Structure formats: structure tokens, C-alpha cells
Amino acid sequence: MAMKITSPAFSESGSIPKRYTCEGLNISPPLEWSGVPAATKSLALIVDDPDAPDPAAPRTIWVHWLLYNLPASCSGLPESVQSLPAGTLEGCNDWQRVGYGGPCPPIGRHRYVHTLYALDQMLADLEKPNRKTLEQAMKGHILTQAQLVGTYQKGA
């Protein structure tokens, strides 16, 4: 069975409910995953917006959330996660903060990509890494990955 990531809050390519955005409560959505390979030692999650700042002319990939060293036995995260699974570490999003930052697109409907990585090792404490640092540490250690895409447009 292939690894899969889903959310009970929105479907693949569906609209992310306002409560998970800057126009709502700005809390993390519930996420669930399955099919994690037996050889997995840890998981990493990157949530980003490849359509920033304007989907008609994207110039950057905006990072909303970075988690790593999630236990391989973990099968998801609850809504508005307050206590991460033991051993889980966080990186800095593009607001230069640790933690989840919800969708807040300046213009148009953006895609929000939730990518879950199964890794063949635990990563060293990278001391609140940015995406580039985390991806460099994961290089050569990714067993598989899965994606869930949600969309959001302000005022829609």
C-alpha cells in the first residue's frame, strides 16, 4: 500500500475551511496518514504555497509549517495540535516563526501542498531549520512521500 496523507477537514484539491486560515482561527487542520513503509525511522511534514504571491505569476514557494522527526508510528495530527508527538521538532516557516501559519493569500486562489516524507533515519536537531536546511538534511534519506493539496482564496 502506498503512503497517503488526507484530512477529514478537506478533500484532495478541495477548499480549505476558513477556520484554518488567517481569516479564521489560524489553527492547523487535522491530518491523517497511512501506508508508512516498515523501514521508516521518522517522518517529516512540509506545508507550502507554490503560488505566492500571485497564482498568475508565482515568484516563490511560501513555507507555512515544517515538522521533522515525527515518530514512524504516528498516524496523524489532531486539529489545532498543541502537543506534538514525543521527539518531534519544528522548523521556521517563512514568517520566521516556529509553528503553523495558515493560508493567507494576498490575491487569487492558492494551492497549499502538505507533503509527508518517510525517512530512513532520525535527523539531528537542526535548531529550527528553514526549508532549505531541512531538505538538505533529508537528502538521500527519503523512502517515499505523499501529498495532499488544498486550496484557499480570501473572501471566497
Quiz item: Excluding same-chain residues fewer than 8 positions from K139, which lysines have a Cα within less than 27 Å of its Cα?
Solution: K4, K41, K128
Quiz prompt | R0 of 22 Å, Cβ-Cβ distance Q153-V98: FRET efficiency to nearest 0.05 | solution = 0.25
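In Å, the Kirkwood hydrodynamic radius of segment 73-125 over pairs of distinct alpha carbons?
Evaluated over segment 73-125, this radius sits at 14.0 Å.
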Exercise. Rounded to the nearest 0.05, what FRET efficiency do S75 and I27 give with R0 = 22 Å and r taken as the Cβ-Cβ distance? Could you check?
Key: 0.65
Quiz item: Per the Kirkwood definition applied to all pairs of different Cα atoms, how many angstroms is the hydrodynamic radius of the chain?
Solution: 15.6 Å
Quiz item: What does the helix-only formula give at 222 nm for the chain: each DSSP H stretch with n ≥ 4 adding -39500 (n - 2.57), the total divided by the residues, and the result rounded to the nearest 500 deg cm²/dmol?
Solution: -1500 deg cm²/dmol
Exercise. Tabulate in residue order the Karplus-calculated ³J(HN,Hα) for segment 101-108, using 6.51 cos²θ - 1.76 cosθ + 1.60 with θ = phi - 60°, rounded to whole Hz; enter x for Gly and Pro.
Key: x, x, x, 7, x, x, 7, x
Practice problem: Determine the gain in length on full extension of the stretch T115-T144; use 0.36 nm per residue of separation and subtract their C-alpha separation, reporting nm with one decimal. | Solution: 9.4 nm
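Each reported figure results from applying straightforward, stated rules to the coordinates on display, with no laboratory input. What you see is a predicted model; the values in this text were computed from it and never measured. Neighbour counts run over all protein chains shown; Cβ positions are idealised from the backbone, glycine included.
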